[in-house]
Amino acid sequence: MELLSGADMLIRSLQDEGIEYIYGYPGGAALHIYDALFRQDKVKHILVRHEQAAVHMADGYARATGKPGTVLVTSGPGATNTITGIATAFMDSIPMVILCGQVASTLIGEDAFQETDMIGVSRPVVKHNLSVRHPDEIPEVVKKAYYIAATGRPGPVVIDIPKDMTTPNERYEYQYPKKMKLRSYNPAIRGHAGQIKKAVDMMVAAKRPIIYAGGGVVLGKASEQLIELAHMLGFPVTNTLMGIGGFPASDKQSIGWLGMHGTYESNMAMHHSDLILCVGARFDDRVTNATEKFCPGARIVHIDIDPASISKTINADVPIVGPVDSVLKEMIGLVRENSVKPDEEALIAWWKQIDEWRAFHGMRYEKSDTYIKPQEVIEAVWRLTNGDAYVTSDVGQHQMFAAQYYKFDKPNRWINSGGLGTMGFGLPAAMGIKLNFPEHEVVCVTGEGSIQMNIQELSTCKQYNLPVKIVNLNNQALGMVKQWQDMNYESRHSQSYMDSLPDFVKLAEAYGHVGIRIDKKEDLEPMLKKAFAMKDKLVFLDIYVDPHEHVYPMQVARGSMKDMWLSKTERV
Amino acid sequence: MRRIISVLLENEPGALSRVVGLFSQRNYNIETLTVAPTEDETLSRLTVTTSGSDKVIEQITKQLNKLIEVVKLVDLTEGAHIERELMLIKLKATGSQRAEIKRTVDVFRGQIVDVTTSVYTVQLAGNSDKLDAFIQAVGTAGVLEVVRSGVSGIARGEKVLSL
C-alpha cells in the first residue's frame, strides 16, 4: 500500500472523491495542505479574496449541480470568516464540505496564534463536524464528511485538521474507503406505503387541492415526478422561494410562488384550499404568516426527508418521511392504478375561482415614464437570456423582483439565500456557477447595498476569467429596509440610505472589467443587449431604478395567508 | 409535562456538547442531565429530564435523532419505567438533632455515610420527589450542602434500549 503524509492523503482523498474545484484561502495552519495541493494538478484551487466568498462559491456550485462543494481555509480568522457562508448553506440544506486548518493538537486550548474552537463555533450551523485526531484517519473522515453532507437532508460538514495531522515527513498507509455506513445515521430511503396510500385517497377526494412544493423538489431532483403527478391530478402548483423552477413557471398549472411576496392567486388558493400536498417544504414563517390563522380548512399531507421538518410549525394530517422523488413516484403509480379519479367537476370550479383571483390581481406593477422600474429590468433580462440563465441574487427587494419576474422553467437555475437571507451571497455564488458552466449565461441580480458586501471578489473574477453579468438594481437605499420603514415606521429611514456610493463603473474598470451605467429608460434594452453580447467580459450594469418602488404583494404582518397589501394603497 | 428521555450516544469527544448545544440553541429546557459510558465502551448512555408541550417534546426527540452521534433514544415516560436519583447531603447534626436525623434517614431508607461531631453526610437514592421530600423533612435550615446526580432511568419489564 502507498505511504502518504496526512496532507497528501487529504488531497488524494479529494481526488478519489471526484472533486475538481476547491475554493479557499491559505494561511499558517493550512500550509502543509497547500503544499500538497501544489504538488498535483487534479484538484484545482480557486483563490478568493475573503473566505466567506469561498463558501458561497462552493454553495453556488452545489445549488446548480446538486453535488457537494468544497472549501479549504486556515484556522482562526480563516475559519470564522466561513461561518456566514456555512450558516447560509445550512439553512437551505446545501451539501458542502469545509476543510479548516487548526493549530497543532499539542497547542489546542492554549490560545495559540490563530486558534479558534471551530468545532464549537460551527456546531449550531452544520449538519455535522469532524475533527482529525490521527493522520491515518484522514481518508475515512473525508469519506464520512461527503457521505453525511450529500445524503438525507443535505447540509454543510466541517472538518477541523490540526497542523500536526498533515506533517510532510510522517507517512501512513493510504486507502480511500469505497463505502460508508454509520450505525447512527440512516436517512429514510422510501416513504411508508400505507401513509402514501392514505395521502393519495385524500388527494383524489379533495375539492380544492393545492400542491405546495419547496426546495426539497430541487435538492431531491424530483422535478420530473412533480410535473408528472401534477399533470395527472390537474392540481394547481405553487412553489416556495427555494422551490422556484422545481415546477415550470410557464406550465399552465403553475400559479407562481407563495408567501410574504408570493402571488395573490397562490396565497388565496392556499388559504381557501381543502387539501395541501406539501412536497419538500417546511412551512417557514415567510410562507405561513400567522400560524394560528394558517389555511383553516385544509388537511395537510407533508412529504419530507427530514422528520423534524414535519409538524414543526404546522401539524401534518398525513406525514410521509422519505425522499421526495421516490414518494412522488409511488404516488404516481397509485393514482394511475386507482379506480377513483380526481373530482373533475370540483376541479373545474376550483380553477375558475383561481383564474378569477389571477384576473383580479396577477403579478403586475405600475409603469413609469420617468423611472426605470426594477421589475422591467428583470423582465428584460429574462427576455434577453431566453429565460434560461442561471440567476443568482443577493437579499432584499431586488431578490424578490428577480424571483417574481424572471420565469424559471428549470430547477437549479434560481440561486438565492432563502433561509438565512445573506447579503453578499450573489456574486460569489454566480462565480462558482460560471466556473463550472463556462458556456452558460450567469446573471447576478443585486443591489448597491448587497454587492458591496463581497465586492472584493471582482478581483477573483479577473484572475480566473469569470465573465458573469452583474445587474445592480441601484435605488440608492437599502430598499427592503426602507420599504418596511415606509410601511411600519412612518417613513423614518433609519440607516437605510446608502450615502456616498462609489462610482460602480469606475470600480468595475479598476478591477479590469466593463462597467455600464444605465439611468435612462430608453437605454435599458440596448445596453443590456450590448452587455450580454460581451460573452467573455464581466459586465457590471449599474442601473438606476425607481427609488420609491415597493415589493408587492406583501402579506400583512400577523395576518393569515390571504391578508395582503397589493400596492401602497390597496389592502385585501 | 415532565419527560425522561434516554439516549444511546456514540462515546466520542464532542458528542455531549452537541446534545447540550441543541437544547440551548432551540430553546428547550434541561432540568437534569446525566451521562456515563455503558458496558459497550463505544456507547454512552445519557438521560435528560425536560418539560414541554407534546409538540415540543416531539421536536426534541426528532432533533436529537437528527444528531449524527445519537444512535437510539426512547422517551421513558411513554411507558412503565423506573427512575432513580442519587443525593449526597450534608446536615448539621448536634445534640438532639442527631437522633432525629438518624430516624428520618431510616424512614427514607437512606444511609449515613460520613460522620463528624457536628455533621452527618447522608446518601439517599430514589425518585426526585422522594429526595425533595427528605430535604423538606429534615428542614432546610439544617442543610449544609446538597449534591444530586440527576435522574437515571430504565424501562420496566422486557423492554431494553440497546443496539
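Here are the numbers for this structure:
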item	result
Along principal axes, Cα extents of segment A:374-551, largest first, whole Å	48, 36, 35
Per residue Cα convex hull volume in Å³ - calculated over segment A:12-80	82 Å³
For segment A:220-233, Karplus couplings with θ = phi - 60° (6.51, -1.76, 1.60), whole Hz, Gly/Pro x	x, 6, 10, 4, 4, 5, 5, 4, 4, 5, 4, 5, 5, 8
Chain A - mean residue ellipticity at 222 nm from DSSP helices (-39,500 (n - 2.57) per run, n ≥ 4, rounded to 500)	-10500 deg cm²/dmol
Karplus-derived 3J(HN,Hα), 6.51/-1.76/1.60, for each residue of segment A:442-455, Hz, glycine and proline x	10, 10, 9, 8, 9, x, 6, x, 4, 4, 6, 7, 9, 5
Anisotropy class of segment B:2-79 from Cα gyration tensor, a/c 1.5 cut	prolate
Karplus 3J(HN,Hα) series, Hz, for segment A:515-532 with 6.51 cos²θ - 1.76 cosθ + 1.60 (x for Gly, Pro)	x, 10, 9, 10, 10, 10, 3, 5, 7, 3, 5, x, 5, 4, 4, 4, 5, 5
Alpha-carbon centroid distance for the pair segment A:175-190 / segment B:132-163, whole angstrom	39 Å
Residues A:TYR390, A:TYR21, A:TYR552 arranged by fewest to most Cβ contacts within 10 Å	A:TYR21, A:TYR552, A:TYR390
Ratio Rg/Rh, restricted to the protein assembly as shown and using Cα atoms, in which Rh is the Kirkwood radius	1.03
Charged-residue dipole, Cβ positions (Lys, Arg, Asp, Glu), segment A:275-405 about Cα centre, Debye nearest 20	100 debye
For segment A:500-572 and segment A:361-406, distance of Cα centres in Å	8 Å
Ranked list, fewest to most other Cβ atoms within 10 Å of each Cβ, for A:ARG413, A:ARG571	A:ARG571, A:ARG413
Histogram of C-alpha separations across segment A:65-151, 5 Å bin width, %	3, 13, 25, 26, 19, 9, 3, 1, 0
Residue exposure sequence - B:LEU22, B:LEU9 - by fewest surrounding Cβ within 10 Å	B:LEU22, B:LEU9
Amide H within-cut-off set for A:MET498, under 5 Å, with H built and near neighbours excluded	A:ALA477, A:LEU478
Listed residue (A:GLN195, A:HIS134, A:MET91) projecting farthest to the positive dipole end of the protein assembly as shown, Cβ model	A:GLN195
Crossing angle, helix B:15-25 versus chain B [Cα axis fit, 0-90 degrees, rounded to tens]	90 degrees
Dimensionless Rg ratio for segment A:231-357, taking C-alpha atoms and the 2.2 N^0.38 Å reference	1.03
For segment A:508-565, size of Cβ-based charge dipole, Lys and Arg +1, Asp and Glu -1, in debye	200 debye
Rounded Å value of the spacing that divides the Cα centres of segment A:1-69 and segment A:234-294	39 Å
Convex hull (Cα only) mean projected area of segment A:70-115, reported in nm² to one decimal	3.4 nm²
Among beta bridges that DSSP assigns inside the protein assembly as shown, antiparallel share in %, nearest 5	45 percent
Sequence-distant residues sharing a close amide H with A:TYR172 (under 5 Å, placed H)	A:LEU4, A:SER5
17 Å Cα-Cα reach of B:LYS66 towards aspartates and glutamates, excluding residues that sit fewer than 8 places from it in its own chain	A:ASP92, A:ASP304, A:ASP306, B:GLU10, B:GLU12, B:GLU58, B:ASP75
Segment B:82-152: Cα Rg divided by the 2.2 N^0.38 Å rule of thumb	1.02
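Every number here is computed from the coordinates shown, using simple stated rules; none is lab data. The structure displayed is predicted, hence computed values, not measured ones. In this analysis, Cβ positions are derived from the backbone assuming ideal geometry, glycine residues included, and neighbour counts consider all displayed protein chains.
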